[in-house]
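Chemist: My questions all concern the structure below.
Every number here is computed from the coordinates shown, using simple stated rules; none is lab data. Being a predicted model, the structure only gives us computed values, none of them experimental. All Cβ positions, glycine included, derive from the backbone under ideal geometry; neighbour counts span all protein chains shown.
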Ligand code: ADP
């Protein structure tokens, strides 16, 4: 038994014994015992009240409890209290530092709970999105930043996706929003000012579109004169240069047409993406167009495994099919085969163009959709390649929420698979063409 306990018990017994003894001297030991017990109780109550007061005032130095068990309880308690205060102070300093560093961040950060209510936000979030750290605490962020796309992003739990929304505080500003998981059942909404980036992008787009447009008219005049010279019978020494100039003018026309198409695609929202697209029908038409064109080329096979109809833009999907088919034919020898396949399942639908041509080496595959990228620049120039076809394909697909998967083995052939998500497939309008081949 600890010494303090023993002292308390022995002290109390001695005190009660002394009371009883004094009572006994006066002939009433029970009264003496009772008085001593009441005195001991009163003393304990006094200590308890002092302790309670000390807790209330938090001023432990103003109280003394002698040497007994109360002193021990008290000093232990005040030591623990001191430690807790130190921890608290350290945490307060740490919190202040964290707040200072998040406030120094150029990007907005908003901590959200599981119901997308604001727990905390930094200074940049205040400046970029007009959030008020105190007033908006506990409010749903999508009630303050009202954008359907943001609501969708918050509900999707897709931590890789990001969206761009108009700034709520500046009429010309744009914000990039991302959501990342944070702590237990919390999320961090990150906001970045992308006004400048989007402005530069728009300038680039406008420049390319305007320049291409402006080049078109002089080129039409040049081509027109060249055609007339060729038709009217140019002098002998001019025949070759004129035909060369005609070929180059045609090439420039093709480049301009592709640049303009890319610009058109980039000006989002211009074309409707909700029309019914008969992909199988477009494949039949593309095959027919190439088969009736002059020149030798690989055999074109059709594998229509589904009559599913796509929700999208018909002329853009047609451009995907013709770009992929013309590439495949250009890179496949005449005795090879190019297969166009359309199939669907619960996960969506796939438009695949496979060829048995020259193939592409692995290191070039990730770069194929870059603008003006060509594997063999010299050869591509000769066969009319501009390097914009796959950039157009990628753009159209991303506008249709689809992905492009490329597989290729040099010397054996390539496969370009466009995967459309189920949301883009209209199963209720399944056309009865499945099983068609040719
Ligand atoms: P291009 O107008 O030059 O065809 P693309 O963007 O359509 O431009 O294609 C980029 C490059 O990818 C091409 O230059 C070619 O080298 C390569 N490529 C595209 N499709 C195929 C294919 N089916 N087989 C082999 N190489 C291909």
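Chemist: Any idea what log10 I(q)/I(0) is at q = 0.09 Å⁻¹ for the chain, Debye with uniform C-alpha scatterers and no solvent?
Modeler: -0.81
Chemist: Region 199-267: D in µm²/s via Stokes-Einstein (Kirkwood Rh, Cα pairs, 10 °C, 1.306 mPa s)?
Modeler: Diffusion coefficient, whole number: 119 µm²/s.
Chemist: For q = 0.15, 0.17, 0.18 Å⁻¹, what log10 I(q)/I(0) does region 276-437 give under the Debye formula with an equal point scatterer on each alpha carbon and no solvent?
Modeler: -0.78, -1.00, -1.12
Chemist: Going 7 Å from the Cα of residue 426 along its beta-carbon direction, which residues of region 313-339 have the amide nitrogen within less than 16 Å of the resulting point?
Modeler: 313-318
Chemist: Send over the semi-axes of region 42-121's equivalent ellipsoid, whole angstrom and largest first, taken as the square roots of 5 times the C-alpha gyration tensor eigenvalues.
Modeler: 44, 15, 9
Chemist: Let me ask something else about it. Give me the angle, in degrees from 0 to 90, between the Cα long axis of helix 195-231 and the longest principal axis of the Cα atoms of the chain, rounded to the nearest 10.
Modeler: Taking Cα atoms only, the helix is inclined about 0 degrees.
Chemist: Note down the relative contact order for region 3-95 as a percent, whole number, built from C-alpha pairs under 8 angstrom at least six residues apart.
Modeler: Contact order relative to length: 21 percent.
Chemist: May I ask you to order 413-424, 304-315 by the average number of other C-beta atoms within 10 Å around their residues, highest value first?
Modeler: So the order, starting with the most tightly packed, is 304-315, 413-424.
Chemist: Would you list 262, 390, 34 from fewest to most Cβ contacts within 10 Å?
Modeler: Fewest-to-most ranking of 262, 390, 34: 34, 262, 390.
Chemist: Could you give me the radius of gyration and the Dmax of region 105-193, taking only the C-alpha atoms into account and expressing both in angstrom?
Modeler: Cα only, region 105-193: 11.6, 36 Å (Rg, Dmax).
Chemist: Same structure, new question: What value in Å³ per residue do you get for the convex hull of the alpha-carbon atoms in region 329-410?
Modeler: 105
Chemist: Where does region 243-323 land on Rg(C-alpha)/(2.2 N^0.38 Å)?
Modeler: Its radius of gyration relative to the 2.2 N^0.38 Å reference: 1.36.
Chemist: Against the longest alpha carbon principal axis of the chain, how many degrees, from 0 to 90 and to the nearest 10, is the axis of helix 3-25 turned?
Modeler: For 3-25 against the chain, the angle is about 30 degrees.
Chemist: Could I ask something else about it? How far is helix 389-399 tilted, in degrees, relative to the longest principal axis of the Cα atoms in the chain, given as a value from 0 to 90 rounded to the nearest 10?
Modeler: 40
Chemist: For q = 0.33, 0.34 Å⁻¹, what log10 I(q)/I(0) does region 311-353 give under the Debye formula with an equal point scatterer on each alpha carbon and no solvent?
Modeler: -1.15, -1.17
Chemist: If you count the DSSP beta bridges with both ends in the chain, what percent of them are antiparallel, to the nearest 5?
Modeler: 90
Chemist: In addition: Counting each DSSP H run of 4 or more residues in the chain as -39500 (n - 2.57), what helix-only mean residue ellipticity at 222 nm follows after dividing by all residues, to the nearest 500 deg cm²/dmol?
Modeler: Helix-only estimate at 222 nm: -17500 deg cm²/dmol.
Chemist: Taking the Cβ-Cβ separation of residue 203 and residue 291 as r and a Förster radius of 41 Å, what is the calculated FRET efficiency to the nearest 0.05?
Modeler: FRET efficiency, residue 203 to residue 291: 0.40.
Chemist: For region 3-95, what is the largest minus smallest coordinate of the Cα atoms on each principal axis, given in angstrom and ordered from greatest to least?
Modeler: Per principal axis, max minus min of the Cα coordinates gives 70, 26, 15 Å.
Chemist: How far, in nm, would the chain grow between residue 53 and residue 217 when pulled straight, counting 0.36 nm per residue and subtracting the alpha carbon separation?
Modeler: 49.6 nm
Chemist: For region 284-308 and region 68-90, write down the distance between their C-alpha centroids in whole Å.
Modeler: Here the two parts' Cα centres lie 86 Å apart.
Chemist: What FRET efficiency comes out for the pair residue 83/residue 157, r = Cβ-Cβ distance, R0 = 25 Å, nearest 0.05?
Modeler: Working from the Cβ atoms, E equals 0.05.
Chemist: Relative to the present Cα-Cα distance, how much length would full extension add between residue 7 and residue 99 at 0.36 nm per residue of separation?
Modeler: Difference between extended and current length: 27.9 nm.
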